[in-house]
Amino acid sequence: MWIYLNDRFVKEEEAVVSVFDHGFLYGDGVYETIRSYGSRIFMRNQHLTRLRRSADAIGLTIPIPDHRWPALLHESMTRNDVGHERTDAYLRITISRGAGDIGLDPALCPTPTLVIMTKPLHPPSPEQYRTGVKLIVAETRRNLPSAISPQIKATNFLNNILAKREAIAAGAFDSILLNWESHLTECTVSNLFFVQAGQLCTPALACGLLDGITRDIVLNLAQEAQIPVAEGHFGVEAIRKAEECFLTNTSMEVMPVTMVDGYPIGNGAPGSITQQLHRLFIGNRARYLEP
């Protein structure tokens, strides 16, 4: 694997980061995960805009000018033989505060560390889309937005990791995290949707969740299809009464959920609105790919 590290491509065995890097020491950094469909990157500019927003929020300088990103991402795909008709690409951009003396002052780190990793995208299995996946409601709560803004896509992921450990222990696909008021937020790496009385519902951003890029696309597609939409504050009982449920993120698109905490959602099979929105997403993908 070829990895872009700071200012050049190196083989993965040479891609070494200092033990004094504040990303390693303190989780001080931001990241984005991006995918391609063939050679065309999905929502490239939106992902890069969100990366810059996250970096700006923590006072971190991105060491790559905007105009260089497209060529750099495509070179990374080419070097790793992905992003073509045979294999879609998975790209992860990580920017940490960089190496510096031990201490919390960002000024200790004169130069950020930049890493781009690119590998084949391995989407969920067709069987999971046919039968749906199982979730649990985690004991772990989402961080308070007033403490750590969910709009910062930070490398400090311990909150999500704890919830993921709960899901693994329960034999579930993932965990739903509740916020400080016991309202639904999101799962560990995806946004949450459900259907009640024919209305598409999803937790509002004010509940403390990331404004997912695929989440926005699905909301727009639902409105174009004249499916009623509600963003709001919902408790666990809303999921238990739901007729359908699904998750969204960049790599899995629209994933049906058919069980939460051992209780079936609706009739225990992927619902019609879920399937309709996934078809619309697939049919409209070209709208969201780079030229």
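For segment 70-82, the criterion of a residue being in the same structural domain as residue 8 (by TED's automatic domain parsing), of a type in the set (Lys, Arg) and touching a residue at least 40 places away in the same chain (Cβ under 8 Å) is satisfied by at least one position.
If you go through segment 235-249 and keep only what is buried (at least 22 other Cβ atoms within 10 Å of the Cβ) and either part of a loop (DSSP other than H, G, I, E, B) or of a type in the set (S, T, N, Q) (or both), you end up with just 248. Just the residues that are in contact with a helix residue (DSSP H, G or I) (Cβ under 8 Å, 6 or more places away or on another chain) and either farther than 29 Å from residue 89 by Cβ or of a type outside the set (S, T, N, Q) (or both), please, taken from segment 244-260. Of everything in segment 244-260, those that are in contact with a helix residue (DSSP H, G or I) (Cβ under 8 Å, 6 or more places away or on another chain) and either farther than 29 Å from residue 89 by Cβ or of a type outside the set (S, T, N, Q) (or both) turn out to be 244, 245, 246, 253, 254, 255, 256, 258, 260. For segment 253-283, the tally of residues that are part of a helix (DSSP H, G or I) and either modelled with pLDDT under 95 or polar (S, T, N, Q) (or both) stands at 4. Filtered by the rule that a residue be touching a helix residue (DSSP H, G or I) at 6+ places or on another chain (Cβ under 6 Å), surrounded by 14 or more Cβ atoms within 10 Å (Cβ to Cβ) and over 27 Å from residue 252 (Cβ atoms), segment 63-114 gives 97, 100, 109. Residues that are under 23 Å from the mean Cα position of the chain (by Cα) number at least 2 in the following strands (runs of 3 or more DSSP E) confined to segment 1-84: 2-5, 29-37.
Residue 137 passes every criterion in (1) β-branched (Val, Ile, Thr); (2) over 15 Å from the mean Cα position of the chain (by Cα); (3) outside the structural domain of residue 261 (by TED's automatic domain parsing); (4) not in a loop (DSSP other than H, G, I, E, B) apart from (3).
The values are calculated or read from the model by the stated rules, or taken from the named source; none is laboratory data. This is a predicted model, so every value here is computed, not measured. Here Cβ is always computed from backbone atoms with ideal geometry, including for glycine, and neighbour counts include all displayed protein chains.
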